[in-house]
Amino acid sequence: MITFLAAAILAAAQAAPESASACPTVLTAAAQSCRAIYASKAGRFAESATAFESVAELTPSGDPARDRALAAAGNMWIAAGQPGKAALALDKALAGTGLQAEQHGLALLDRARASEAQGDLKTARAKVTEAAKTISEDPYLWFFSAALAIREEDVPTAKSSINRALAMVPDSPEVMFEAGHVFHAAGEEAKALEYWNKAIAADPNGPAGKAARQALAMSDAPLTVTNDVTKSPVGHGEGPKGQ
């Protein structure tokens, strides 16, 4: 399940529209928010991001809702595969004071995702480290940290991070798949095979299970969850209580 948490920050305050026609026809922050939420639920992420940016433009400076809208826009740009636009929106959101505690941490994590997608691993790691100050109970933080560490060729950090994710969501097929990837990189083939087989058993027809089968078939070059399977494990944003 893909959960777009930054968008949820803004969307949580209102019911999602059943269709775009249910949104007001006027150009207001509330109307654009309605359109953004509908577009995100329909899978039109670039359209949603643009609408969330419009929400920010229509919201007075200093209003926390402005920063929340920008964070939501950044999250949608990531989903749309446009990390450059995501980084710009998220930097604006993080420069303000409207995001507090967990909201700030989630925006930092999205900023890390945008950097990783652009190949800027140094910035991605810095944002993950900063995000951990407020969202250390989010399993996706450690899932992403593990995948990032593999790209950084930092196996000890990858193992430490994936073990934290496994402790929080031990039944997540996406986390089990990434665990196989991490242990394969560490040269621990027995553990890699164990976790890939667990991912297949937990998600036989889903993306994690299919990727695990491919990894088993070509274990010298397995796919990575962050690039080809999904954006987050089940339970993203809920911490261990969500399991």
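See the values below:
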{"quantity": "Residue within segment 77-87 that is surrounded by fewer than 24 Cβ atoms within 10 Å (Cβ to Cβ), basic (Lys, Arg) and more than 24 Å from PHE45 (Cα to Cα) present", "calculated": "no"}
{"quantity": "Single match in LEU99, LEU58, LEU88, LEU27 (criterion: under 22 Å from LEU141 (Cβ atoms) and hydrophobic (A, V, I, L, M, F, W, C))", "calculated": "LEU99"}
{"quantity": "Selection from segment 117-137 of residues that are touching a Pro at 6+ places or on another chain (Cβ under 8 Å) and assigned to a helix (DSSP H, G or I)", "calculated": "ALA117"}
{"quantity": "Breaking point among (1) assigned to a loop (DSSP other than H, G, I, E, B); (2) at pLDDT 95 or above, for LEU99", "calculated": "(2)"}
{"quantity": "Test: residue in segment 143-152 that is crowded, with 18+ Cβ neighbours inside 10 Å and of a type in the set (D, E, K, R)", "calculated": "no"}
{"quantity": "Only one of ASN163, ASN227 that is outside the structural domain of ILE78 (by TED's automatic domain parsing) and either modelled with pLDDT under 95 or small (Gly, Ala, Ser) (or both)", "calculated": "ASN227"}
{"quantity": "Residue in segment 146-156 that is without any contact (Cβ under 8 Å) to a residue 24 or more places away in the chain and among the acidic types (Asp, Glu) present", "calculated": "yes"}
{"quantity": "Failed item in (1) part of a helix (DSSP H, G or I); (2) at pLDDT below 95, with VAL26 passing the rest", "calculated": "(1)"}
{"quantity": "Answer residue from segment 157-210, given it is small (Gly, Ala, Ser) and in contact with an Asp or Glu (Cβ under 6 Å, 6 or more places away or on another chain) and is nearest to THR129 (Cα to Cα) among those", "calculated": "ALA208"}
{"quantity": "Residue count, segment 69-89 (criterion: part of a helix (DSSP H, G or I), over 13 Å from the mean Cα position of the chain (by Cα) and over 18 Å from ILE37 (Cα atoms))", "calculated": "4"}
{"quantity": "Residue count for segment 91-141, restricted to those that are surrounded by fewer than 21 Cβ atoms within 10 Å (Cβ to Cβ), in contact with a Gly (Cβ under 6 Å, 6 or more places away or on another chain) and charged (D, E, K, R)", "calculated": "1"}
{"quantity": "Set ALA202, ALA215: member being more than 29 Å from LEU106 (Cα to Cα) and either in contact (Cβ under 8 Å) with a residue 40 or more places away in the chain or surrounded by 18 or more Cβ atoms within 10 Å (Cβ to Cβ) (or both)", "calculated": "ALA215"}
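The values are calculated or read from the model by the stated rules, or taken from the named source; none is laboratory data. The structure displayed is predicted, hence computed values, not measured ones. Counting neighbours? That spans all protein chains shown, and the Cβs are built from the backbone with ideal geometry, glycine included.
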